[in-house]
1. Pick from VAL57, VAL21, VAL13: which residue has the top mean-square fluctuation in a GNM of the chain where Cα pairs under 10 Å get a spring?
2. If the chain between THR31 and PHE51 were fully stretched, how many nm would it gain, using 0.36 nm times the residue separation less the Cα-Cα distance?
3. Sort all Cα-Cα distances of the chain into consecutive 10 angstrom bins from zero, then give the percent of pairs in each bin up to the one containing the longest distance.
4. For every helix of n ≥ 4 consecutive DSSP H residues, a contribution of -39,500 (n - 2.57) applies; sum these over the chain, divide by its total residues, and give [θ] at 222 nm rounded to the nearest 500 deg cm²/dmol.
5. Between the DSSP loop rule and a limit of at most 14 other Cβ atoms within 10 Å, which chymotrypsin sites (Phe, Trp or Tyr not before Pro) in region 8-77 are left?
6. What FRET efficiency, computed as 1/(1 + (r/R0)^6) with R0 = 30 Å and r the Cβ-Cβ distance, is obtained for SER41 and HIS11, rounded to the nearest 0.05?
7. List the trypsin sites (Lys or Arg not before Pro) within region 1-61 that DSSP assigns to loop and that have no more than 10 neighbouring Cβ atoms inside 10 Å.
Amino acid sequence: MYTPEMRRAFHSVLPPKNFYVDLIDNEFFVTIRIDEKLMFSLPHDDKLAAFEYVLKVKKALEAEGAIVHVVRKALDK
């Protein structure tokens with residue numbers, strides 16, 4: 001499902017400093033996985049920038065025909 005066009009769209013959106021997401025190619029959709037521990041460690045303004053980044057990535061992938069699912073890694077207890 002993850003096409004070269006989707007790859008280019010994903011890499012066209014620059015992530016905020018010290019933030020990343022995992023992309024998982026499933027057969028019928030693409031999953032954007034956010035590391036919750038990483039997100040909680042960011043200052044408030046950086047959290048907002050990270051959230052905006054995730055939305056931009058989702059929109060870019062959808063523009064290339066992907067069905068996108070956004071999930072988070074659970075915090076360890």
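Only the coordinates and a few stated rules stand behind these numbers; no lab work does. Just so it is clear, the model here is predicted, and its values are computed rather than measured. Quick reminder, even Gly has a Cβ in these numbers, built from the backbone with ideal geometry, and neighbours come from all protein chains shown.
1. Checking each option, the largest mean-square fluctuation is seen for VAL13.
2. Details: separation 20, 0.36 × 20 = 7.20 nm, distance 1.53 nm.
Going from the current span to full extension adds 5.7 nm.
3. 20, 51, 25, 4
4. Values: 3 runs with 35 residues, N = 77.
Roughly -14000 deg cm²/dmol at 222 nm, from the helical runs in the chain.
5. Numbers: sites: PHE10, PHE19, TYR20, PHE28, PHE29, PHE40, PHE51, TYR53; in loops: PHE19, TYR20, PHE28, PHE29.
In loop regions of region 8-77 (DSSP not H, G, I, E or B), the sparsely surrounded chymotrypsin sites (Phe, Trp or Tyr not before Pro) are TYR20, PHE28, PHE29.
6. Details: r = 24 Å, r/R0 = 0.81.
According to the calculation, E is roughly 0.80.
7. On the way: sites: ARG7, ARG8, LYS17, ARG33, LYS37, LYS47, LYS56, LYS58, LYS59; in loops: LYS17.
Here the trypsin sites (Lys or Arg not before Pro) that fit, given the DSSP loop and packing criteria, are LYS17.
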